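The values are calculated or read from the model by the stated rules, or taken from the named source; none is laboratory data. Predicted model only: the values in this text are computed from it and were never measured. Here the Cβ is made from the backbone with ideal geometry for all residues, glycine too, and neighbour counts use every protein chain on show. Note: accessible area is taken over every heavy atom of the protein model, side chains too, but ligands, DNA and RNA are not part of it. Shrake-Rupley method; radii C 1.70, N 1.55, O 1.52, S 1.80 Å.
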There are 2 protein chains.
Amino acid sequence: MLEFSDMATDRASVIPALENIAAQLRIDSARSTTQAGSGHPTSCFSMADIMAALFFAEMRFDPKDPHNPDADRFILSKGHAAPILYAAWAAAGAFDRSRLLTLRELGSDLEGHPTPRLPFVDVATGSLGQGICAAIGSALNARRISSDYRTYVLLGDGESAEGSVWEAANIGGRDGLDNLCGITDVNRLGQSQHTMWEHDMGQFERRWKAFGWHAIVIDGHDMSAILAALDEARRTKGMPTMILARTEKGKGVSFVEGKDNWHGKALKKDELEKAVAELERQIDTSVVVDAPAMITKPDTRRRAAVAPRPVPPPAYKIGDQVATREAFGDVLAKLASTDPRIVVLDADVKNSTFTDRFEKVAPDRFYENFIAEQVMVGAAMGLAARGAIPFSATFACFLSRAADFIRMAAIGGNNVKLAGTHAGISIGEDGPSQMALEDLAMCRAEPDFTVLYPCDGVSAERLVALAAEVKGPTYLRLSRPKTPVIYPNDEAFTVGGLKVLRQSSQDVATVVAAGVTVFEALKAHDQLKAAGTAIRVIDLYSLAPVDRTGLVAAARVTKGCVISVEDHYAAGGVGDAVAEAIADAGFGVHRLAVREIPRSGKPEELLDRFGISAAHIIKAVTSLVGAPAAR
Amino acid sequence: MLEFSDMATDRASVIPALENIAAQLRIDSARSTTQAGSGHPTSCFSMADIMAALFFAEMRFDPKDPHNPDADRFILSKGHAAPILYAAWAAAGAFDRSRLLTLRELGSDLEGHPTPRLPFVDVATGSLGQGICAAIGSALNARRISSDYRTYVLLGDGESAEGSVWEAANIGGRDGLDNLCGITDVNRLGQSQHTMWEHDMGQFERRWKAFGWHAIVIDGHDMSAILAALDEARRTKGMPTMILARTEKGKGVSFVEGKDNWHGKALKKDELEKAVAELERQIDTSVVVDAPAMITKPDTRRRAAVAPRPVPPPAYKIGDQVATREAFGDVLAKLASTDPRIVVLDADVKNSTFTDRFEKVAPDRFYENFIAEQVMVGAAMGLAARGAIPFSATFACFLSRAADFIRMAAIGGNNVKLAGTHAGISIGEDGPSQMALEDLAMCRAEPDFTVLYPCDGVSAERLVALAAEVKGPTYLRLSRPKTPVIYPNDEAFTVGGLKVLRQSSQDVATVVAAGVTVFEALKAHDQLKAAGTAIRVIDLYSLAPVDRTGLVAAARVTKGCVISVEDHYAAGGVGDAVAEAIADAGFGVHRLAVREIPRSGKPEELLDRFGISAAHIIKAVTSLVGAPAAR
């Protein structure tokens, strides 16, 4: 490993080469955006010097092996500057520079904003304020795997207005993440006008210091200052560093530099020629640059392969009263010892979500974010990108605080596990602000999202364990009330499955329920049966993917009479999932769901008041198929 | 109006009465939560002294006329302390104290967390970090209507970890909102453990000062200090004030005061008796308290009634190429002069959403939030609560950043207007991070949300004007590409309507489209017609409410062959809306929608690649009804 004391000297000698690289990165960014006919060249120009320093004098990585677990990470939080990210990796030798000209073409992975389709991108960025949250997770992961890799994250000044940035700032400061270095490219100009603080660097410095970070203000075009700041950041112990780099948007090209109204505009062909000529004049041709050779490779450390052991099965008795959220906490505690990749993130509700049971057995893999759901999910995305399997848990309604992160996790195919407890009106007295009734809509909308919704302790334990196994973003919907265990401990569940809980050859209707409404459906079944009407009851514990075949089969047997019942609003939930699954077979669904803003009250009162109790199921069956006497 | 210089003396004399009131508020909070069997008494106890000072020595309001436009506002950001809010209004004489014992009962408006069902609640709270955003809007509204009312907002210390708090802090500081006073109840204990900064008051002070606020640290149980701080806040000019009150959770009741594990727990009956006895001993019975008489009423000022004038009609020619987002900007500019209640909030994309056209004509009613969508929506909620009609506009995908605010706006029936531009894959090259494909799912899920989606310039202008008229939360989905004007300028649109664009007696299928897919459906119609197949084309511009009758009629005519096509993911959007509307009539829908994570590319390439182009519509029609030759 390099001796840090020698580095300042070593690095000074490479400044001319870095300056040449920076000019070339600007040229490449200009060319690719002009070729694409769109993009953000001026946002690239402001950060070119920083990129040259980071990639070719600071970071330890292997362009041919970007996933190396000990390689330093770079997250481009200002994702619209993607062209210079791609240019830097091309300059590093990760791929041929000619590919840069496929920017933004359909079929090219060099998209308008970076996604993990590219092996050197950890998380999709492009929605501002998210990269720094992921960087927190990446830095936490280094601690988890005992690696000395460092995480660098580059932010725009405009995005510093996002609240999520300050959630991350709190966590970074609280945890003393000295393996994390942020750089804010303070180029003064946002999309539509100057930023809030323009070039008043004190505004940035005050805030970061107040949030517990080491803050360094520099001229972001002074290569020597950039290198010195990166050195200082690396030497700073006990707190993360934020380098605040005063830059000019459009730097290096006189007719765009520091000018407004150039955000997100590619240069026209003739402008490009002028720009390239100007930038080429900034290259010192007497300095020979072998950029790939300048990169410091990471130490390759041996690590034992992770071999997760089987999760001990549930140990309930049929009829035991247990809340699915409690079973969730219990199985997380089991997972703590069977799989070292499992980590848990909380937002100050661990005693309600029962993740405190994981904390108790694995405190070093438990991350308390206090009441800050964006960084709770964003940090999980960074952890997942580096091989952890993170469960972020809070009340389901508060996951909506991180809806944009969830969207980006879906875009990146990120392996994050979200658990939302206290779903639906069945929470009772706390009232609508604490009731998630649109969480299924949020998660089901995203393609390739797994959505699971257990109704009892056994299915909860089994589905949580499945969630840890399945790749990609996963949502677990969990309930507050205790419900009776209905499945034997050895019952098998699959992603994309369902359970037919009651059936007979006389079934006149199929009732599809999930979570707490399973028990309403079972009650309805028993009461209808006593009155001579047989219904089929399905527990649709997997909402995405959904078992089309199983649903269509039930619909067919019950002659198209299908009723869904859910503790969720009418749009986007169980009813819609069933409806789409059976639509092409020619069947429709009669939906029982919450159809107005609910209120405080006792859970059982609310189920009835808002139309999803056993009585409403019976009424729906009766009105659709007729009372027994009438048949 | 009171002379401020005399107030300090006046107020000192009322301290014993205020202390008695505080003790009574604690008693009332304890009683009501014990009666309910749940709730947060200890979170009420910590802020009782502050509440007594605010309501009975500081704020100017009329308990019998809480909506008075010049009354000071109080927003309880830590909504879980609702019992003491209700107790304060009861003590003020707004309703009989006996009603407090209906807390959390089904049918009582004294819900677990406050909602505007109560006339003295401006916005629903209970999801933390939102009240201060609404308070920003309330303070901005005072400027808008030239009122000297002040806005007070009470936050918990735990909720200060929410990023939205710091978005609000930025805006409050930037705008120098000296008519805004925050109070943070630093009671050290969160739900599951101590808060991030416990009683380290400097952590709070540093942050608020860095964000441009006047910060005052006090002992939150010292009535004299509370009154002095409120005085100081009122005298502070050019910046908002944050009073940081060091308090004890559970204050006043020895066996809960400062103790962990008492969050969100009502006292048991015997505990209540002990607590009340202890609190009653804190009441100085020699001091006669007439709480309602202590309240300062607001000045009643005369204001001309607002009489909005008709909006000038659109002025396009059929076939003009105009983006719906541009028409949105143009009609907003018209609304600026026809209705003084219209205000616009931006998040640094005004040159893309075209709200800069409103800013140009009404700069004093245009609020730039920079890249901070939570405060953009939260402040709009506060403005709406005080009579403004706010339009918050950004790229539709970034509205998901405010999903939890949108949920709370729905709960509160708040009159906020959200406009999401650049919806769908039709934005093209920027790629998935900039494409909203779940925004309809987000807004349609909420009951009583109006969701409108124009396809051309005329419908855009008409629907924006309708959005301003309709009460309650409203979402406008707008597109990036220019589309041809298809409606005459005098075409009438209604909330809950649709347009049948093509029909004949030979129609074999109904294609329901909206926004950009309307033009794909029209293309498909023309090509199919040339090949001898007639289809019905519907522009479903109103997605919530939806025209069930119109859709069922079309489905019936085309014998149940209904195809939906949308620039949105398959769940929660146009297809699901149509499916639910026609389900009970026995019809199903074949859905064309985006079914995987999209990528960068040209808009027309993407429509085809992801299955929602004219070619895909033709294919669907042909496969469902057979090619003409086959019939």
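Scanning for something farther than 20 Å from B:V516 by Cα and either at the interface with another protein chain (Cβ under 9 Å from one of its Cβ atoms) or buried (at least 24 other Cβ atoms within 10 Å of the Cβ) (or both), does the stretch B:437-445 turn up at least one residue? Yes, some residue in the stretch B:437-445 is farther than 20 Å from B:V516 by Cα and either at the interface with another protein chain (Cβ under 9 Å from one of its Cβ atoms) or buried (at least 24 other Cβ atoms within 10 Å of the Cβ) (or both). Note on the stretch A:540-631: no enclosed helices (runs of 4 or more DSSP H) hold 1 or more residues that are within 8 Å of another protein chain (Cβ to nearest Cβ) and among the hydroxyl-bearing types (S, T, Y). For the residues B:E159, B:E105, B:E111, the requirement of being assigned to a helix (DSSP H, G or I) and over 25 Å from B:E19 (Cβ atoms) singles out B:E159. Out of everything in the stretch A:483-503 that is of a type in the set (D, E, K, R) and part of a loop (DSSP other than H, G, I, E, B), what residue ends up being least open to solvent (accessible area, probe 1.4 Å)? Among those residues, the one meeting the criterion is A:E491.
Screening B:E429 against (1) touching a Ser or Thr at 6+ places or on another chain (Cβ under 6 Å); (2) open to solvent by 10 Å² or more (accessible area, probe 1.4 Å); (3) farther than 30 Å from B:E596 by Cα leaves a single unmet condition, (3). When you check A:D185 against the structure, is it without any contact (Cβ under 8 Å) to a residue 60 or more places away in the chain and of a type outside the set (F, W, Y), yes or no? No.
Would you please name the residue that is nearest to A:E205 (Cα to Cα), looking only at residues in the stretch A:155-176 that are within 8 Å of chain B (Cβ to nearest Cβ) and within 17 Å of the chain's Cα centre (by Cα)? Step by step, filter the stretch A:155-176, then rank; the result is A:V165. Exactly one residue among B:D231, B:D290 is more than 35 Å from the chain's Cα centre (by Cα) and closer than 16 Å to B:A57 by Cα, and that residue is B:D290.
Take the residues in the stretch B:124-145 that are within 14 Å of chain A (Cβ to nearest Cβ) and part of a helix (DSSP H, G or I), then tell me which one is surrounded by the fewest Cβ atoms within 10 Å (Cβ to Cβ).
If we filter the stretch B:124-145 for residues that are within 14 Å of chain A (Cβ to nearest Cβ), which is where we start, we get B:124-134, B:136.
When the remaining residues are screened for being part of a helix (DSSP H, G or I), the result is B:131-134, B:136.
Working: B:G131: 35, B:I132: 34, B:C133: 34, B:A134: 35, B:I136: 32.
Looking at residues that are within 14 Å of chain A (Cβ to nearest Cβ) and part of a helix (DSSP H, G or I), I get B:I136.
Would you confirm whether or not the stretch A:191-208 contains a residue that is facing chain B (nearest Cβ under 8 Å) and at pLDDT 95 or above? So far as the stretch A:191-208 goes, yes, one or more of its residues are facing chain B (nearest Cβ under 8 Å) and at pLDDT 95 or above.
Pull up the stretch A:12-58, narrow it to residues that are among the β-branched types (V, I, T) and within 14 Å of another protein chain (Cβ to nearest Cβ), then point me to the one that is farthest from A:P114 (Cα to Cα).
Quick first cut of the stretch A:12-58, residues among the β-branched types (V, I, T) only: A:14-15, A:21, A:27, A:33-34, A:42, A:50.
Filter once more, so that each one left must be within 14 Å of another protein chain (Cβ to nearest Cβ): A:33-34.
Working: A:T33: 14, A:T34: 18 Å.
So, considering only residues that are among the β-branched types (V, I, T) and within 14 Å of another protein chain (Cβ to nearest Cβ), the one farthest from A:P114 (Cα to Cα) is A:T34.
Aliphatic (A, V, I, L, M) and open to solvent by less than 10 Å² (accessible area, probe 1.4 Å), is that true of B:A245? When the stated conditions are applied, B:A245 passes them. Just one residue in the set A:L106, A:L101, A:L18, A:L85 is under 27 Å from A:G382 (Cβ atoms) and in contact with a helix residue (DSSP H, G or I) (Cβ under 9 Å, 6 or more places away or on another chain); that residue is A:L85. Please state which of the following conditions A:A403 fails to meet, knowing it meets all the rest: (1) free of Cβ contacts under 8 Å to residues at least 60 places away in the same chain; (2) not in a helix (DSSP H, G or I). Here A:A403 clears every test but (2).
Looking at the stretch A:590-608, can you tell me whether even one residue there is under 22 Å from B:G560 (Cα atoms) and in contact (Cβ under 8 Å) with a residue 24 or more places away in the chain? Steps first, please.
Of the stretch A:590-608, the ones under 22 Å from B:G560 (Cα atoms) are A:590-591.
Remaining after also requiring in contact (Cβ under 8 Å) with a residue 24 or more places away in the chain: A:590-591.
Looking for residues that are under 22 Å from B:G560 (Cα atoms) and in contact (Cβ under 8 Å) with a residue 24 or more places away in the chain, one finds at least one in the stretch A:590-608, hence yes.
Residues that are free of Cβ contacts under 8 Å to residues at least 12 places away in the same chain and open to solvent by less than 40 Å² (accessible area, probe 1.4 Å) within the stretch A:208-227 comprise A:A210, A:A225, listed in sequence order. Filtering the stretch B:350-369 to residues that are open to solvent by 10 Å² or more (accessible area, probe 1.4 Å) and within 14 Å of another protein chain (Cβ to nearest Cβ) leaves B:K350, B:N351, B:S352, B:F354, B:D356, B:R357, B:E359, B:K360, B:P363, B:F366, B:Y367, B:E368.
Yes or no, residue by residue, for (1) among the β-branched types (V, I, T); (2) not in a helix (DSSP H, G or I):
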position	(1), (2)
A:T184	yes, yes
A:E198	no, yes
A:G202	no, no
A:V217	yes, yes
A:A225	no, no
A:A229	no, no
A:E232	no, no
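Within the stretch A:228-235, one or more residues are exposed (fewer than 14 other Cβ atoms within 10 Å of the Cβ) and farther than 21 Å from A:D185 by Cα.
A:P310 - would you say it is open to solvent by less than 60 Å² (accessible area, probe 1.4 Å) and in contact (Cβ under 8 Å) with a residue 12 or more places away in the chain?
Working: open to solvent by less than 60 Å² (accessible area, probe 1.4 Å): no; in contact (Cβ under 8 Å) with a residue 12 or more places away in the chain: yes.
No: the conditions fail for A:P310.
Consider A:M408 carefully, then state whether it is more than 7 Å from every other protein chain (Cβ to nearest Cβ), open to solvent by less than 10 Å² (accessible area, probe 1.4 Å) and touching a Ser or Thr at 6+ places or on another chain (Cβ under 6 Å). It is false that A:M408 is more than 7 Å from every other protein chain (Cβ to nearest Cβ), open to solvent by less than 10 Å² (accessible area, probe 1.4 Å) and touching a Ser or Thr at 6+ places or on another chain (Cβ under 6 Å).
Checking each residue in the stretch B:28-67 for being of a type in the set (S, T, N, Q), part of a loop (DSSP other than H, G, I, E, B) and open to solvent by 10 Å² or more (accessible area, probe 1.4 Å) picks out only B:S38. For the stretch B:454-482, the set of residues classified as part of a strand (DSSP E or B) and surrounded by fewer than 24 Cβ atoms within 10 Å (Cβ to Cβ) consists of B:K482 only.
Among residues of the stretch B:323-338 being touching a residue at least 40 places away in the same chain (Cβ under 8 Å) and open to solvent by less than 10 Å² (accessible area, probe 1.4 Å), the one that is farthest from B:P390 (Cα to Cα) is B:A323.
Just to be sure before I move on: is A:K237 more than 14 Å from every other protein chain (Cβ to nearest Cβ) and in contact with a Ser or Thr (Cβ under 7 Å, 6 or more places away or on another chain) in the structure I sent? No; evaluated as a whole, the condition is false for this residue.
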